[in-house]
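S.K.: If you scroll down you'll find the structure; I have some questions about it.
The values are calculated or read from the model by the stated rules, or taken from the named source; none is laboratory data. Keep in mind it's a predicted model, so treat the numbers as computed, not measured. All Cβ positions, even for glycine, are placed from backbone atoms using ideal geometry, and neighbour counts span all protein chains on display. All accessible areas refer to the heavy atoms of the entire protein, side chains included, with ligands and DNA or RNA removed. Shrake-Rupley method; radii C 1.70, N 1.55, O 1.52, S 1.80 Å.
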Amino acid sequence: MIRVAEALSHILGDVQPLGLEKVHILNALGRVIGENIHASRDIPPKDNSAMDGYAIRAVDSLEAGPTNPVRLRIVEDIPAGSVPRKTIGPGEAARIMTGAPLPVGADAIVRMEDTTRDGEWVTISAPSRAGHDIRMAGEDVKGGDVVIPKGELLRPAEIGMMATLGRSFIYVHQRPVVAVISTGDELVDIDEEPSPWKIINSNGYSNMSQVADCGAIPIYIGIARDKKEDLAEKFNAALRADVIVSSGGVSLGDYDFVKDVIQEPGNRMHFWQVAMRPGKPLVYGRVHGKPFFGLPGNPVSSMVSFEQFVRPALLKMMGHVNLYRQTIRVILGEDIAKTPGLTHFVRACVDWHDGRYRIVTTGDQGSGILKSMVKANGLIVLPEDATAVRKGDEVTVQLIDHSLCMTSEPQYL
Ligand code: AMP
Ligand code: MG
């Protein structure tokens, strides 16, 4: 049996980021970029107006005020997207729209609201400083700069930036295809009629959703019966994937054959059993060279082990550097029993109430009680050496979804 930290570092040492693929930026959201994105030119490319108004020489407006209006002659109109043809000389102005390039000679903008137009003349009632309301060429991005470095996570802002730079196709890390296998003679599939002594395969679906939640691609191999031949056949079918995840068949039961299959020629078992609860009988190894996670069968165990080990591994394969869930420290409102020697992951619900976090465990912590996961948004992590923890103790809570980032009421109004 190995410790949680050892198991995690072994797995993360064993998997590597996948290669790159070229995708359109609209398919790049949430992916990790595999190249440096350079700016091929300044953004904005030219000095341009930040307001609708008049482009002028600032010196001409120095004396302007409500009681001392200055009159300038309008030499041309410059809508956005057009090229100025005239030079602005003393006593002259060009009508200009937001985003239009600044004409030669002009060095300031007077806003529309500080002017009145009369035919080809404009009257200015406020002074404007040089550079006022002008967006300078390159003020957003300088040509040649690395704007998005390799390894960044692509969010809508990065997608917009790449569009600004004229990059429609880019290289990102591939997403692993993950084959999901459920094992057990007691299982039927979701749309089959379960007889009273059969149960519906839920792990297949929770595990596939966990794969998708990481941004990886799940494929469903189905249910393997508790026979070595059937397991071997399903593992074979799973070889088209980059990673194989199974659940069940890794304990000490007479029909738990996953470990045996993983020890056959061509496969390799790296370790079995991690000092944790739930999730102790985890197997990690390689099946014909593909990383293999043999998760325990109990629905909570399979999800918690996925969360601790499979998720960071898939994120690493997709090129992410932030592989771990955020944790917070919270004061317990109840006692929790604990077995020394095992890291416990206790399902709990955390919320933010009256300026502090509040936490309650989600009831029966049996590894078959899937409802304890349904109600949870966090896992209280009780370290291996801890004995009981008591009401009032401060504990570490791993947040397993984004629920604490969202609220039902606007918090800023
Ligand atoms: P095992 O480790 O194979 O003995 O599985 C332990 C228990 O987990 C079984 O008795 C089932 O009740 C449950 N179980 C195993 N696989 C699944 C599955 N795919 N979906 C739901 N429950 C499962
Ligand atoms: Mg089983």
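S.K.: Comparing Gly81, Gly341, Gly355, which has the greatest mean-square fluctuation in the GNM of the chain with Cα pairs linked when under 10 Å apart?
M.R.: Maximum among the listed residues: Gly355.
S.K.: Mind checking which lysines have their C-alpha under 25 Å from Lys371, skipping anything on the same chain fewer than 8 residues away?
M.R.: Straight-distance partners of Lys371: Lys198, Lys280, Lys338, Lys391.
S.K.: Which of the lysines could a cross-linker bridge to Lys46, judged by Cα under 19 Å and excluding same-chain residues fewer than eight apart?
M.R.: Lys86, Lys142
S.K.: Using the Karplus equation 6.51 cos²θ - 1.76 cosθ + 1.60 (θ = phi - 60°), what ³J(HN,Hα) coupling, rounded to whole Hz, does each residue of region 293-304 give in order, writing x for Gly and Pro?
M.R.: Coupling constants for region 293-304: 10, x, 7, x, x, 4, x, 6, 4, 5, 5, 5 Hz.
S.K.: Set the Förster radius R0 to 56 Å, insert the Cβ-Cβ distance between Val83 and Arg3 as r into 1/(1 + (r/R0)^6), and round the FRET efficiency to 0.05.
M.R.: Efficiency at R0 = 56 Å is approximately 0.25.
S.K.: Additional query: Which value, in Å to one decimal place, does the Kirkwood hydrodynamic radius take for the chain when every pair of different Cα atoms is included?
M.R.: Result for the chain, one decimal place: 26.0 Å.
S.K.: Compute for region 259-413: radius of gyration divided by Kirkwood radius, i.e. Rg/Rh, restricted to C-alpha atoms, rounded to two decimals.
M.R.: My calculation puts Rg/Rh at 1.03.
S.K.: Mean-square fluctuation check for the chain, GNM, Cα pairs under 10 Å: which of Glu264, Glu35, Glu193 is largest?
M.R.: Glu193
S.K.: Can you check how the C-alpha radius of gyration of region 48-135 compares to 2.2 N^0.38 Å, as a plain ratio?
M.R.: My calculation over the Cα atoms of region 48-135 gives 0.93.
S.K.: What is the percent carbon and sulfur in the accessible area of region 222-346, measuring with a 1.4 Å probe over the protein chains and ignoring ligands?
M.R.: After summing per-atom areas, the C and S share lands at 49 percent.
S.K.: Distance in nm between label sites at Arg356 and Lys228, each 7 Å beyond Cα in the beta-carbon direction?
M.R.: About 5.8 nm separates the two model spin labels.
S.K.: While we're looking at this one, here's another question. Roughly what % of DSSP beta bridges within region 1-153 run antiparallel, to the nearest 5?
M.R.: Here the antiparallel bridges make up roughly 80 percent for region 1-153.
S.K.: So for the chain: antiparallel DSSP bridges make up what percent, rounded to the nearest 5?
M.R.: If I count the DSSP bridges inside the chain, around 70 percent turn out antiparallel.
S.K.: Taking square-rooted eigenvalues a ≥ b ≥ c of the alpha carbon gyration tensor, is region 1-88 rounded, prolate or oblate, where a/c under 1.5 means rounded and, failing that, a/b exceeding b/c means prolate?
M.R.: Cα axes put region 1-88 in the prolate bin.
S.K.: With θ set to phi - 60°, apply the Karplus curve 6.51 cos²θ - 1.76 cosθ + 1.60 along region 241-252 and write out the HN-Hα couplings as whole Hz, x wherever there is a Gly or Pro.
M.R.: Listing the rounded values in order: 7, 8, 9, 10, 10, 10, 10, x, x, 10, 8, 9 Hz.
S.K.: In whole Å, what is the distance between the alpha-carbon centres of region 268-311 and region 174-234?
M.R.: Going from one Cα centre to the other spans 15 Å.
S.K.: Evaluated at 37 °C with a viscosity of 0.692 mPa s, what Stokes-Einstein diffusion coefficient in µm²/s does region 1-150 have when Rh comes from the Kirkwood expression over alpha-carbon pairs?
M.R.: Translational diffusion coefficient: 174 µm²/s.
S.K.: Quick one: which residues, 5+ away or cross-chain, put their amide H under 5 Å from the amide H of Val188? H built at 1.01 Å from N.
M.R.: Close amide H contacts, sequence-distant or interchain: Ile199, Ile200, Asn201.
S.K.: By average Cβ neighbour count within 10 Å, what is the ranking of 104-117, 364-377 from highest down?
M.R.: So the order, starting with the most tightly packed, is 104-117, 364-377.
S.K.: Using 0.36 nm per residue, how much length does the chain from Glu193 to Asp213 gain when fully extended, once their Cα-Cα distance is taken away?
M.R.: Stretched out fully, the Glu193 to Asp213 stretch lengthens by 4.3 nm.
S.K.: Same structure again: Helix-only mean residue ellipticity at 222 nm, the chain, DSSP H runs n ≥ 4 weighted -39,500 (n - 2.57), per residue, nearest 500. What is it?
M.R.: The per-residue figure over the chain is -4500 deg cm²/dmol.
S.K.: What percent do you get for the relative contact order of the chain when only Cα pairs under 8 Å and 6+ apart count?
M.R.: So the answer I get is 15 percent.
S.K.: What shape does region 327-405 have by the C-alpha gyration tensor, where a ≥ b ≥ c are the square roots of the eigenvalues, rounded means a/c under 1.5, and otherwise prolate means a/b greater than b/c and oblate the rest?
M.R.: Since a/c reaches 1.5 but b/c is at least a/b, the shape of region 327-405 is classed as oblate.
S.K.: Summarise the accessible area of region 36-107 (1.4 Å probe, protein heavy atoms) by the percent that is carbon and sulfur.
M.R.: The nonpolar share, carbon plus sulfur, comes to 53 percent.
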